[in-house]
Amino acid sequence: MIEQRIQTHRYENGLVLVVETLPETRAVACEFLIPAGSAFDPPGRNGTANLLSDMIVRGAGAYDARQLADRFDFLGVQFGTHAGTAHMWLSFATLSDRLMDVLPLCADVILRPHFPEKDFAAGKESVAQSLRAIEEDPLEKLTVELRRHALPEPWSKPSEGTLEDLPRITLDDVREHYRRHVRPAGTIVGVAGRIEFERIRDALGELLAGWSGPPEERIRARWDGPRVVHLPHASHQTHIAVAFEAVPYADPQHYDAWMVASVLGGGSSSRLFTEVRERRGLCYSVYASLVCGKGFGRIVVYTGTTADRAQETLDVMWAEFRRLGEPPDPAAGRGVSEHELRRSKARVKSAMIMQQELAGARASAIARDWSHLGRVRTADEIRRAVDAVSAESIHHYIRQHPFANPTVVTIGPEPLEVPR
Amino acid sequence: MKFHHHRLSNGLDVLAEINPAAYSVAYGFFVRTGARDETPDVSGVSHFLEHMVFKGTPRHSAEDVNRIFDEIGAIYNASTSEEETAFYAATLPEYFPVGFELLADIMFPSLHEEDFRTEKQVILEEIAMYDDQPASFAVHKAMETHFAGHPLANPILGTRESITALPVEAMRRYHRERYRTGNVVLAVSGNIEWDLVRRLAEEKCGHWPKGSFRRAHPPRVGRRTDKRFPRADLVQQHTVMMCDAPGGTDRRRIAASVLSFVVGQADNSRLYWELVDPGRAESADLSFLGFDGVGAFIGYLSCAPEDAEANATTFRRVLKEVTRYGITQEELQRAVNKLSTGIVLRGELPAGRLGAIASEWMYHRRYRSVDDEVKDLQRLSVADVAALLEQFPLDPETTVVVAPEQTKASRGAAENAEAVPRRA
């Protein structure tokens, strides 16, 4: 069992601070999850959140854009902002003794961004550049398109935006997005490292005391079901992504879904890795993972293979989906065996302990937990829940959430025939 | 943090940086052989062998290898570069004996013909995958051009042709010749007892064959070369420029790292403010590649094809200015501070230390702690960087351009998206 020190604080303005003290590290990592992601982009203006995450660091408080970047570098800070679908992220990592010098800069970025008119064209062109780069990288393109087709709207909106909407977005749109969505209610600050809880709680309280804004917005998500989509691309490989519906993060069956994804395509002894890569040499990369957002979950399977073997690869993957869903019969190798389940559990448990060495991973994990559950799970709680998963509970889960009717997105020279 | 070194009777160097406060222990074998040590007829064999190492031994089948690593929750992998093949794992300390025994065993794989044929397909997939990624294609072509006639031009993955033609016997011979104790370093880092490391190393590696291999060090022949590669699947133009730099074993490598950081780190550098911040280019960066005895600065620019020429001119102007006037004290200080943080943060993870410990030993027969590395950086002066620039001006000798070729297929894949009916 790991001794963990996790403490939380909710400020009067609604901001939540979640801190895990890691006494053995010299590092500190911090993540601000601000509910201002692309899901909140106005209609026809997809990319507003992404532009905000670019513009928000082009000068803040007493610093212009360059002075701000220089200041972070001088403090030896790895700092960045990034638009996701639910949140805009502001994150940094540095040595723990520099924390108190970095927080005021974060407060400047959050409370006092300049949004300079003269830089807006440049910001827009930067975003356009990165959107064009996605167009020529089949794997990145696949990721964007899978989200678009497999997730409920508005969580499906590309966090990067689109080349189509970008020209329409104005600086006023960005300012409005900032005014409405960059606010303490719904914002979570996750911090992990060698730090004193009280010290950071008081410092943040002071720095962000004047921060206010409207209450958190509720989003009603809508999904019109799975789709099969092919994107033609002049590449050697065809990239294949398959997404099955799964339970959300907060569901009691979350751990079953997690273990299902792991048995299917988690480690190198997983079903997909063994059958697709090791036995047949059909691909370099194949894996399955559980992806969770607000109120939804998906088991996502990915592989990439040269075009003339892509159909065979898809068919082999399908056979594995089918086999995993069959009623358990260990003698015939059907269903999930105790052995493979034990391996999946061992991987999860080791990874959790080793995560204690990574301040960045812990800051993310505790902030994510709060965002989904309104509390932070300890490693011990996760271990017990994972231990409670059995071959029977997995089978029960697969019966309720069968490997059927997935969203399939492919990108490559030729479309594939998707088995039923 | 305590460092230990022990040489086994067969010559294998065992290095350990013990940290009782860590949660994990990481361990790896670093073999001093890579693409540059290959002859054309076995191009890609180092990397292909790296894959085959996981395909089983007389004691463990391929499935055993994957199964056991997963059973102990190991995070494990391997990598091949121009001059090194590395195999490593990180586990909880209690699983060290099991994980270490397995890692040591697989270093001498069976290399069965049938597994070799299957894995060949995986290698061909990997070649296809990197070929599809414009940036890695461009860098690969630039290396090939810049080092033409020098073994560093050898592609790490080999080529479709060399891999297809490679016989298993050639790989067996390569393994026999290179996987010898004078050529391998065992590095361990994290929470583990030194006595256990020493005892298990003796037990599992004590019988490994002795011997070494001499790497060739021909000089690089410099000549100005420009090359252009059109591709049907591109939207942007990718330009890679290269020029000489000190080697990775040269003491001037620290100045070279700092210089490339000031000129071309991704988010706050001279190139960034000239080209990326104003939205002229998607990326514009400069890195230092330090190899055994020779080095290169490599610049990368990606942007819209119509802006490429003007941007490349700006890129060269930035290089010329820094070559003439050097860097400022403020730039130096920021680079040193940020690079130092990077070293310390990476060192927080036992697995993050393995590579540094192994290569420091392999090339200098010495140990440098995280604090030593940081001190080396902090000693650097603006004059050191100026001296470096005098010897290695940033004046690109090689320029490789990978540009879109206008065909129907190259225009925005998204607009051509089509729905496909499900098979009945």
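Within chain A, DSSP assigns beta bridges of which about 85% are antiparallel (rounded to the nearest 5). The residues of segment A:1-45 listed by number as losing at least 10 Å² of accessible area in the complex, against the isolated chain and with a 1.4 Å probe, are A:Ile2, A:Glu24, A:Thr25, A:Arg26, A:Ala27. Over the protein assembly as shown, the alpha carbon radius of gyration divided by the compact-protein estimate 2.2 N^0.38 Å works out to 0.93.
Charged neighbours of A:Arg66, selected by a Cβ distance under 10 Å, balance to -1 (K, R count +1; D, E count -1).
Can you show me the helix-derived [θ] at 222 nm for the protein assembly as shown, built from DSSP H runs with n ≥ 4 at -39,500 (n - 2.57) apiece and divided by the number of residues, rounded to the nearest 500.
On the way: 27 runs with 336 residues, N = 844.
Taking each H run of at least 4 residues, the total per residue is -12500 deg cm²/dmol.
Under the rule of at least 5 residues apart or a separate chain, name every residue whose amide H is placed under 5 Å from the amide H of B:Ala245. Under 5 Å from the amide H of B:Ala245 lie the amide H atoms of B:Gly295, B:Ala296, B:Phe297, each far enough along the sequence or on another chain. Across segment B:72-83, coupling constants 3J(HN,Hα) worked out from phi with the 6.51/-1.76/1.60 Karplus curve, θ = phi - 60°, read 9, x, 6, 9, 9, 6, 8, 8, 10, 10, 4, 9 Hz, and Gly and Pro carry x. I need the fraction of alpha carbon pairs in chain A separated by more than 33 Å, rounded to a whole percent. Here the long-distance tail beyond 33 Å is 40 percent of all Cα pairs in chain A. Expressed as a whole percentage, what fraction of the accessible surface of segment B:2-205 belongs to carbon and sulfur atoms when a 1.4 Å probe is rolled over the protein heavy atoms? Of the solvent-accessible surface of segment B:2-205, carbon and sulfur hold 50 percent. Across all Cα pairs in chain B, the calculated P(r) in 10 Å bins from zero up to the longest distance comes to 4, 19, 27, 26, 18, 6, 1, 0 percent per bin. Contact with the other protein chains removes 10 Å² or more of accessible area, compared with the isolated chain and a 1.4 Å probe, from these residues of segment A:220-235: A:Val228, A:Val229, A:His230, A:Leu231, A:Pro232, A:His233, A:Ala234, A:Ser235.
Between chains A and B, what is the buried accessible area in Å², counting both sides, with a 1.4 Å probe and ligands, DNA and RNA left out, to the nearest 100?
Numbers: alone 19490 and 20450 Å², together 33270 Å².
For chain A against chain B, roughly 6700 Å² becomes buried.
Divide the volume of the convex hull around the Cα atoms of segment A:228-412 by the residue count and you get 129 Å³ per residue. Solvent-accessible surface of the protein assembly as shown, averaged per residue with a 1.4 angstrom probe and all protein chains in place: 39 square angstrom.
When you restrict to C-alpha pairs under 8 Å that are six or more residues apart and normalise by the size of chain B, the relative contact order lands at 21 percent.
Grab the beta carbon distance between B:Thr159 and A:Glu206, set R0 = 56 Å, and tell me the FRET efficiency rounded to 0.05.
Details: r = 61 Å, r/R0 = 1.09.
Efficiency, rounded to the nearest 0.05: 0.35.
The HN-Hα couplings worked out from phi for segment B:284-298 by the Karplus form 6.51 cos²θ - 1.76 cosθ + 1.60 (θ = phi - 60°) are 8, 9, 9, 10, 10, 10, x, 10, 5, x, 8, x, 8, 8, 10 Hz, whole numbers, x standing for Gly and Pro. Per-residue Karplus couplings for segment B:358-370, computed as 6.51 cos²θ - 1.76 cosθ + 1.60 with θ equal to phi - 60°, are listed in order as 5, 6, 4, 6, 4, 9, 10, 6, 8, 10, 10, 7, 4 Hz, Gly and Pro entered as x. Only protein atoms count toward the accessible area here, which uses a 1.4 Å probe; on chain A, the carbon and sulfur part of that area reaches 49 percent. Per-residue shielding of B:228-241, expressed as the average number of other chain Cβ atoms within 10 Å of the residue Cβ, stands at 2.
What dipole magnitude, in Debye to the nearest 20, does the protein assembly as shown give about its Cα centre under +1 on Lys/Arg Cβ and -1 on Asp/Glu Cβ?
Details: 101 positive and 117 negative charges, 104 e Å.
It comes to approximately 500 debye.
One way to sum up the overall shape of segment B:195-259 is the equivalent ellipsoid from its Cα gyration tensor, whose semi-axes run 42, 20, 17 Å, largest first.
Considering only alpha-carbon pairs that sit under 8 angstrom and 6 or more positions apart, the relative contact order computed for segment B:104-221 is 32 percent. Here segment B:204-254 and segment A:272-346 have alpha carbon centers that stand 38 Å from each other. Within straight-line reach of A:Lys294, meaning a Cα separation under 21 Å, sit the following lysines at least 8 residues removed in sequence or on another chain: A:Lys157.
Computed over protein heavy atoms with a 1.4 Å probe, the carbon and sulfur contribution to the accessible area of segment B:225-406 reaches 47%.
The values are calculated or read from the model by the stated rules, or taken from the named source; none is laboratory data. Model, not experiment: these values are computed from the prediction. FYI the Cβ positions are ideal-geometry reconstructions off the backbone, even for glycines, and counts take in every protein chain you see. The protein model used for the area step is the full one, side chains on, heavy atoms only, and it has no ligands, DNA or RNA in it. Shrake-Rupley method; radii C 1.70, N 1.55, O 1.52, S 1.80 Å.
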